Structures are given as C-alpha cells and as structure tokens.
Amino acid sequence: MGNATCPSPMKAVSNGAWQGDNPLDFALPLLMLQICLVLIVTRLLAFLLRPLRQPRVIAEIIGGILLGPSALGHNKDYLRRVFPPRSMTLLDSVANMGLLFFLFLIGLELDVNSIRRTGRKALGIALAGITLPFLLGVGTSFVLKSTVAKGVGTASFLVFMGVALSITAFPVLARILAELKLLTTDIGRIAMSAAAVNDVAAWILLALAVALSGTGRSPLVSLWVLLSGVTFVIFAVLAVRPVLAWMARRSDDNGPVHEGYVCVVLAVVLAAGFATDSIGIHVLFGGFVMGLVMPKEGAFAGSLIEKIEDLVSGLFLPLYFVSSGLKTDVATIQGAQSWGMLGLVIVTACVGKVLGTVGVSLAFKMPCREAWALGFLMNTKGLVELIVLNIGKDRKVLNDQTFAIMILMALFTTFITTPLVTAVYKPARKATPYKHRTIQRKNPDSELCILACLHNARSIPALIHLIEASRGTRRRSLCVYAMHLMELSERPSAIVMANKVRHNGLPFWNKSHPNSDHFVVAFDAYQSLSSVSVRPMTAISSLTTMHEDICSSAEHKRAALILLPFHKQARIDGNFEVTRPGFRQVNLHVLGNARCSVAIFVDRGLGGPARIPASNFASSIAMLFFGGQDDREALSYATRMAEHPGVSLIVLRFQPVPQTNQPDGVGIDMETGSHEDDEKFLADFHAMAKTNQSIRYEELEVRSREETVAAIRNVARCNLLLVGRRAEAPGFEMSSADCTELGLVGSFLVSQEFTGGASVLVVRQYHPGITIGSPLLSEGTSEMSKIPVDDSDG
C-alpha cells in the first residue's frame, strides 16, 4: 500500500497570472472569489424572492445549497477549483469569525430586562412553543436513529433533535412581522416577546446539547463543561458588564464613540469566544453572552451596531450559509424511507410548534384566527437553527443524511410562514370615517390633526418650529403625531428598532430610559412648554410599503394634513444633495394614495439649532397665491399660522396679464369655476385679515416668467414660503430635472436658480373627487382646478 501524501498548505497570495501562477491555487485570491460568488448568488436570489415577501435568510440558505454538492457541486471540476477541500478551513474560519460578531449583535438585540417583564400570556406561549416541539423532537429522534441515523450517540442526538425542532428565529420573525404590517398589533407584540424568551431558552438548551456531545473519556466531562459555562456567564455579568457599563456612561450621546472603547469591546468579544471554545461549549456562545450583558442604554450600543453590522451581516454572514450548503447534499435523501423521514420531521416540527402555541393561545382566550397565525409565526426557523445543525454535524451527532433532512425542514417551515399567516390572519382595522380631511373648512376653530413625518434627528428643530407656528391661537386645538420613518432592512439595527415597538403603535420609544432617544426628549420638552399635544410614533417598514403605514396611520389618527420631508437635504452652499433617493418614491406614493391633504416640507434650516422654541418666537412667512384649490389650502394653512403672535405673513397674489401673440406656455387659461372659488375664498380672507395686523396682502400683475421670479425673490429672505402644488405660474414649465411632487413653482423654489434661504412648504389639497393612485403631476391641473372644495367633507 503506497504512502498517502497530504496536500501542501496554500500560500496566501500569488505572483500573478503573468508569472505562471493560478490565483485559484492561493488562499486569499480564492477566498475573495468565493465571497464574490456567494454575494452575487444570494443577493440575486433575495431579489427574485422579494415578490414572495420572503426574508433574506431564505435566499441565503437556498444559495448555500445551490453552490454546494446538491446543485452546482455535481460538477466535480467546479468543486475542485472554486471550493477545494484545502480551502475550507480558511472559509469556515472567516465565516465563524463573522458569525461570532453577528451573534454579539443578536445578543445586543435582546433586552434581558424586557424579557423579565414578559406577560403571562407571552411567557406561556413561549414555554408551550418550546416544550411540546422538544418532546416531539426527542420522540422523532428514536425513529431517525433506527433508520437513517444509526450509530450516533443517544443522549446528544436526542437533545440536538429536540433543540432543532423547538427553535424560533427571533430576527427572522421580526422581519416577517414588519413585512406583514403586524409589528404594532397585539399578535406582533406577543410573538416578539415569546420569540425573545424562546431565543434565550434555545441557547441554554444548545449549551446542554454541546456539553453532552463531547468526546470526553469520563461522563463527568460533560458536567465540568456545564459548570465551566455557568461560571463564565457569572463572570461576564459580575466582572465584564461593569466595565462595559462604565464605557457606555463615558460615551456622549451627541458625540462619536471613542475608538479605544470600540477596540476594547471587539477584543472582549474575541476573548469571550476563545474562553467558551476552551471550555468546550462553542466559540459562538462567547459572542452571544457578551451581547446579552452589554448595556442597552445610551448611544454606545447603537454606535457599536452601526460600526460593525454592515461588514458582518452583509459580507461575512452569507459565508456561513454557504459553509452549511457545502455540507448539505440533498442527493443523500434517497428512497421512500429517507423521503418519509423528511416528511415526518417537517410534520413533527410544524405540529409541535403550531399546536403547542395554538393550544395555549386559545387557553388565554385569543381569537381562533390570531391563535393560528401566532402558531405559524412561532414556527419560523433561521440562523440559530443552522448553527445548531452545523454544531451537530461537526461533532458527528448528525450524519450527512440527517443533516440534509433538517436543513430542508428549516427551509420549508420558514418559507411557508408568510403565505400561511397572510391567508389565516387579515387584521381588520377599518378606520372610523371622519369629516375634516383638509385645513380649509367651514369651522376653522375645530381641532387640526397633523401627521408629521421625519427621517432623522436633524429634522427635529425645523419640525418643532413648524408645529409652533401651526398652533395659531390657544382657542384652536392642535394635535400632532410625529412619525419617525425608519427603513426596515436585514441589518441587526432594524431588529433593535422593531423590538421597541409597543402594541398600540404609539410611542415605541423606551420610556424607562427617556434620555436614550433624542426624539422623545425634544418632543416631550416642547409639549411641556406649549399647549400642543405631540405624540411620537414610528413606521418601520421597507421603502416600497412605507407609504401604506403613513396613509393608514393618517386615516386612523383622523389627520387633516400629512407633512412629508423632502428627500433632499440642503448643503451649506444652498444646494441640495440626495441622501435617501428611495424616500422620493415614498412621497410620490403618499401623494397618490393619501385621503387627506399632503404637504412636502423642504428644510433650509428653519428653526435654527434650538430644539425648543423660546418665548420670543418669531417667524416671517410668505404665501405665493396663483389660484386653484391647492393654493387655497396653502393660504388656509398660512392664515392659521398668522394667528400666532410671533408670525408675520405676506400674501402675494399673482394676476397674469393676457398678451396678444404670446408664445405657447407663457399665459394661463384660468378656469371660470376655479376663478370664482378663488374670489369667494379671498373675500373671506380679506374680512379676516382686517382684524390681524400681522397679515399683509399684495396683488401683482405679471406678464412673464421673469417678472414672477423677480417678485418671488423679493420675499426670499423670509423664513418660510408656502405654495400650492398645482399652482400655475406664467411661463413655468415642467422639465425632466424638476421634482414632479413639488409642482412647477415648488420645483423652481428648490432649484439652483432660486438663491433665497427660505424653507418651502408645498401643499396639495385632498378632494374625494380626484382619482387616487396617480401621484404624478400629469393629473390634469386645469381639470382639477374646476372641482370646488366640498366643505362638508373638509
């Protein structure tokens, strides 16, 4: 028998193809190729599965299976060149390094204090969702052990199977709930609380399974492993947490986190992983425990997430799914017996988790549909499931066939969650019909309700300034819902946000630590100094569906006006830069679907740096009136603002002068009905303005675009300019560079041609006669201007 020779270790980098080296024979170039291939495949699958509303973990699991021996791996030359056996050590090491830090982020997501406060209902559902699947998993393991899993250790195999079937994936569940718009419902709150309890319990059970799967010479080894693990957790709580809390207290909420603190935390995570690996549990436990003991208050935890989440979850984490896929060979599932075992495992997993959850939910007198939907939601699997299975595979507890069966079970149960919940549970949240959907109304003293949206803390000063101006006199009631628009992504920070949602949809902020959120501090302080009721809210969803949250919230809060922030931010030089282009589509969809008036706010520094208006509040406002229902709505809003003692208002009414032989597009064909409505509205305005010395009214005759622009520039030094979205100005034409959501005049006011420093508010009035659905300007402005405002509805 010949001597077997081990392949030589791979060198790090090559000398280049021109020197005769094949880059695929060297570790670093091959790793970079593997990473690029993984990212392309998983991102492509995620894009293809997006219409099915599937979480990205599904695409990553399928991508790993496709890149492994189950699909592309049938080509042995491909496996030998792209994923050769000698490269797997480096690939697994990088994947596990990324997974170590990802589990640190997962630990940061889970607030132990909130788990302690879990209600009896959520705790009972969590325990039932763990106990029954665990027992059924243990029972199923006996069947598997006598068929496809012969020769494995009994105790460790039983525990691994029980843990694998009882897991609920907390991060995946949160994204599914947000995708289905269930985060702010009772079922969403219960599911998140139960999943958090389930997640912690799963890690404890996994630690037990790992300890039992050891290959020690004595049974006492497993006991020593467990005792050492408990000692490590105690040390982390008593010794490491105080140090982390000290660094968190020294980190300023308004400033960047010290680089040294970040390095210390990263080193602590690595050291914890080394300690747990030395104990014999698993390297990943160290990262998860450090995330759990990390203080959640203040800006420190959030800054850590921002610094490491994109690199870890976007680049390194998909490698772990491919590492799992390379170990998964679906071809090992052969014959009726193997496929029967796959069916048995899937049925057992679904029956145990769903029936356990449904039974307890019904015992707590939950409606039947909600109970079934909650059962399907709790059956979600994900990353933790793969970790359990990979540890079992590495420790020889699961053979190739059992491993493939369990991977397909996790994929199937997660894939069916969204369609099953959608079919079973359709929350009926019909809004109560209400009368005032516009600012222009017969009774101006009735309460005005505004839904004000904002992207980030930078928008708070301008929004508070606008709210203060909008309150008018004290005899008029104003209610404002401040909605923070947050994009739901696959990033861990999105789950941190989702975990804070309260069941009633009102402030999702953590009230036990009010200093941890600038939004709450600012709005609470303003509310205490004014007579305005400001209630923080949030919309956590993808940009493609965020308009649904905004419109439905406006409907349920009985809002007459939705304030939307412009998708561009002003620079110091006065020009605008696009920060989040996706928010432009959000604004367009809101304009097309909202059943109340909508205004887009372009901020050029309104309100200055002060977050709370002083007693000597002062603001100068100019309203550009060209005619039409949108301008009437804008003037109604401006008139309300003028009632504030610190506000001065100038109204410029532009009267186009018809000219003979004028080129196309210069004049305006004013509709008779619209003109009569304007005159009637202005007559009422004049009667009111006589009693208010802060209002100045001017009429200007304009013959060209140049005269209109010159008149606008004369008032450009004011704080705020108001204009209707469908205002028709002489000579103004829409170009491809303009923003259709702002209209003709609004687009000019945010262009480089306009050199003023005033912020802009572009208003569009709601009318039930206008077809909902087309947000673009091509909706026929002259036709719309003929429709009178129905005051009975507004």
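For K150, the criteria (1) free of Cβ contacts under 8 Å to residues at least 40 places away in the same chain; (2) surrounded by fewer than 24 Cβ atoms within 10 Å (Cβ to Cβ); (3) in contact with a Ser or Thr (Cβ under 7 Å, 6 or more places away or on another chain) hold in every case but one, which is (3).
Between S636, S533, S620, S648, the distinction of being under 32 Å from the mean Cα position of the chain (by Cα) and either closer than 25 Å to A457 by Cβ or in contact (Cβ under 8 Å) with a residue 24 or more places away in the chain (or both) belongs to S533 only.
Among the residues of the stretch 625-632, some residue qualifies, meaning at least one is at pLDDT 90 or above, acidic (D, E) and either in a loop (DSSP other than H, G, I, E, B) or buried (at least 16 other Cβ atoms within 10 Å of the Cβ) (or both).
As a summary of the residue check, R81 satisfies the conditions (1) assigned to a helix (DSSP H, G or I); (2) within 21 Å of the chain's Cα centre (by Cα); (3) not aromatic (F, W, Y) except for the one numbered (2). Of all the listed residues (G286, G298, G356), the sole one being modelled with pLDDT of 90 or more and either of a type in the set (K, R) or farther than 22 Å from F232 by Cβ (or both) is G356.
Out of the residues in the stretch 688-715 that are at pLDDT 85 or above and aliphatic (A, V, I, L, M), state the one that is surrounded by the fewest Cβ atoms within 10 Å (Cβ to Cβ). If we take residues in the stretch 688-715 being at pLDDT 85 or above and aliphatic (A, V, I, L, M), then A710 is surrounded by the fewest Cβ atoms within 10 Å (Cβ to Cβ).
Condition check: modelled with pLDDT of 85 or more, in contact with a helix residue (DSSP H, G or I) (Cβ under 6 Å, 6 or more places away or on another chain) and within 16 Å of I346 (Cα to Cα). Does V163 satisfy that?
yes
For the stretch 326-346, the criterion of being assigned to a helix (DSSP H, G or I), modelled with pLDDT under 90, surrounded by 19 or more Cβ atoms within 10 Å (Cβ to Cβ) and in contact with a Pro (Cβ under 9 Å, 6 or more places away or on another chain) is met by at least one residue. Being out of contact with any His (no Cβ under 8 Å at 6 or more places or on another chain) and under 26 Å from L284 (Cβ atoms): is that true of L344 here? No: the conditions fail for L344.
Screening L31, L100 for residues that are in the same structural domain as L383 (by TED's automatic domain parsing), in a helix (DSSP H, G or I) and within 30 Å of F285 (Cα to Cα) leaves exactly one candidate, L100.
A residue that is touching a Leu at 6+ places or on another chain (Cβ under 9 Å), farther than 30 Å from T545 by Cα, surrounded by fewer than 22 Cβ atoms within 10 Å (Cβ to Cβ) and among the hydrophobic types (A, V, I, L, M, F, W, C) occurs somewhere in the stretch 104-114. Here T413 clears all of (1) within 30 Å of D329 (Cα to Cα); (2) touching a Gly at 6+ places or on another chain (Cβ under 9 Å) except the condition numbered (2).
Can you confirm whether V210 is more than 24 Å from the chain's Cα centre (by Cα), part of a helix (DSSP H, G or I) and either farther than 30 Å from T413 by Cβ or at pLDDT 85 or above (or both)? Spell out how you get there, then give the answer.
Numbers: more than 24 Å from the chain's Cα centre (by Cα): yes; part of a helix (DSSP H, G or I): yes; either farther than 30 Å from T413 by Cβ or at pLDDT 85 or above (or both): no.
Here the answer is no, as V210 does not meet what is asked.
When Y526 is tested against (1) farther than 26 Å from P51 by Cβ; (2) modelled with pLDDT of 90 or more; (3) part of a helix (DSSP H, G or I), exactly one condition is not met: (2). Contact map, the stretch 194-213: residues that are free of Cβ contacts under 8 Å to residues at least 60 places away in the same chain paired with residues that are in a helix (DSSP H, G or I), Cβ distance under 8 Å, separation 6+ or inter-chain. Pairs shown: L208/V159; L208/L226; L212/A155; L212/S156; L212/V159; L212/S222. Of all residues in the stretch 361-368, none satisfies being in contact with a Pro (Cβ under 7 Å, 6 or more places away or on another chain) and either outside any loop (DSSP other than H, G, I, E, B) or at pLDDT below 90 (or both). Can you find a residue that is in contact with a strand residue (DSSP E or B) (Cβ under 9 Å, 6 or more places away or on another chain), touching a residue at least 12 places away in the same chain (Cβ under 8 Å), of a type in the set (A, V, I, L, M, F, W, C) and part of a helix (DSSP H, G or I) anywhere in the stretch 716-730? Looking for residues that are in contact with a strand residue (DSSP E or B) (Cβ under 9 Å, 6 or more places away or on another chain), touching a residue at least 12 places away in the same chain (Cβ under 8 Å), of a type in the set (A, V, I, L, M, F, W, C) and part of a helix (DSSP H, G or I), one finds none in the stretch 716-730, hence no.
The values are calculated or read from the model by the stated rules, or taken from the named source; none is laboratory data. Being a predicted model, the structure only gives us computed values, none of them experimental. FYI the Cβ positions are ideal-geometry reconstructions off the backbone, even for glycines, and counts take in every protein chain you see.
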